[in-house]
Amino acid sequence: QCSLDSIVNEKMKQALIHLEFNPSAPQKKISCTSIKTSGKLSSCPAGTVVTGCACGYACGSWDVRGETTCHCQCSLVDWTTARCCRLT
Amino acid sequence: QCSLDSIVNEKMKQALIHLEFNPSAPQKKISCTSIKTSGKLSSCPAGTVVTGCACGYACGSWDVRGETTCHCQCSLVDWTTARCCRLT
Amino acid sequence: QCSLDSIVNEKMKQALIHLEFNPSAPQKKISCTSIKTSGKLSSCPAGTVVTGCACGYACGSWDVRGETTCHCQCSLVDWTTARCCRLT
């Protein structure tokens, strides 16, 4: 019974070490990109979320529509940029 | 000793496959929401962080107080929106 | 064969429980900080990404250069703040 137990324990230990030093899920990080379009709306690509928006003509008034679209609210705005992030 | 080794190896393999395809931690993603309030301050819910702020009257000057509160700095600002994100 | 199988199964079960309740990777969350500098450019520290920018003189027009630097576009801007986030 000694050898059985020790073999199983040893293999378990190796498997745990393997998992801890080489986890199946790779280290995640945040990646962001900017999407700039003409007009007052700019949408993020699928799989990304809006973390902030920028607007033409110095406008700092914006809102996010449906999680993925930046909307600049000033009456005079020539471009809108969505800052879009996701985990990679 | 052959059967012992092969049985343990096989079970180890199955366990590793199980862990890799069904990791206990579900796939994380970023989720964001906007909190809009009257005045010059807007705070994110507990567990979220400010990634950006928007201000009324076109104001683009803001700072973040204490990790979770947006503060719009212009003298004339009627609303403040905090963009609040977290991992889910 | 009964004892071999049951011993290995039991140890596997324990190992899986151990991994699920004490995952090697600690729970990740988003952490953000603001970097404010004089002028029209502000850069995030290594390992962080820009999620949004703020500018002096009410300016809401900005872009992100090279993933880590906020650039305020208005002609009159005395400070730039980069909102910088990462997983911790």
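Which value, in Å² rounded to 10, gives the accessible area of B:Ile7 with a 1.4 Å probe and all protein chains present?
My reading of the accessible area for B:Ile7 is about 50 Å².
Per residue of A:60-69, count partner chain C-beta atoms within 10 Å of its C-beta, then hand back the mean as an integer.
Per residue, the number of nearby Cβ atoms from other chains is 6 on average.
Give the accessible surface of region A:30-87 per residue, rounded to a whole number of Å², with probe radius 1.4 Å and ligands, DNA and RNA excluded.
Computed with neighbouring chains in place, this is 38 Å² per residue.
Measuring nothing but label to label, 7 Å from Cα along Cα→Cβ, what are B:Thr33's distances to the other copies in nm, shortest first?
B:Thr33 label point versus its equivalents elsewhere: 2.8, 2.8 nm.
Would you calculate the separation in nanometres between label points at A:Ser6 and C:Gln73, each defined as 7 Å from the Cα along the Cα-to-beta-carbon direction?
7.2 nm
Given Cβ point charges of +1 (Lys, Arg) and -1 (Asp, Glu) and nothing else, what value in debye, to the nearest 20, does the dipole of region A:30-87 about its Cα centre take?
For region A:30-87, the charge dipole is close to 100 debye.
Which whole number gives the average, over all residues in B:38-48, of C-beta atoms from other chains lying within 10 Å of the residue C-beta?
0
Which three extents, in whole angstrom, do the alpha-carbon atoms of region A:30-87 cover along their principal axes, largest first?
34, 18, 16
Excluding ligands, DNA and RNA, what is the accessible area buried between chains B and A, summed over both sides, using a 1.4 Å probe, to the nearest 100 Å²?
2100 Å²
Once the label point is set 7 Å along the Cα-to-beta-carbon vector, what list of distances in nm do you get between A:Gly47 and its counterparts in the other copies?
2.6, 2.6
Ignoring ligands and nucleic acids, what accessible area does A:Lys13 show with a 1.4 Å probe (Å², nearest 10)?
Surface open to solvent at A:Lys13 totals about 120 Å².
Give A:Lys40/B:Lys28; B:Lys40/C:Lys36; A:Lys28/B:Lys36 a once-over and call out the pairs whose C-alpha atoms are over 27 Å from each other.
Over 27 Å Cα-Cα: A:Lys40/B:Lys28; A:Lys28/B:Lys36.
Would you mind listing the distances between the B:Leu76 label point and the same position in each other copy? Use 7 Å along Cα-to-C-beta, nm, one decimal, shortest first.
Nearest to farthest, the other copies are at 1.5, 1.5 nm.
Expected output is a single nm value to one decimal: the length gained when fully extending between B:Ser31 and B:Tyr57, i.e. 0.36 nm times separation in residues minus the C-alpha distance. What is it?
Once the chain is fully extended between B:Ser31 and B:Tyr57, it gains 6.6 nm.
Mind grabbing the accessible area of B:Tyr57 for me, 1.4 Å probe, Å², rounded to tens?
About 140 Å², ignoring ligands and nucleic acids.
Over all residues in C:77-87, what is the mean tally of Cβ atoms on other chains that come within 10 Å of each residue's Cβ?
Per residue, the number of nearby Cβ atoms from other chains is 4 on average.
The values are calculated or read from the model by the stated rules, or taken from the named source; none is laboratory data. Worth saying up front: this structure is predicted, and the values here are computed from it rather than measured. Because the Cβ atoms are built from the backbone with ideal geometry, glycine has one as well, and the counts that use them run over all protein chains shown. The protein model used for the area step is the full one, side chains on, heavy atoms only, and it has no ligands, DNA or RNA in it. Shrake-Rupley method; radii C 1.70, N 1.55, O 1.52, S 1.80 Å.
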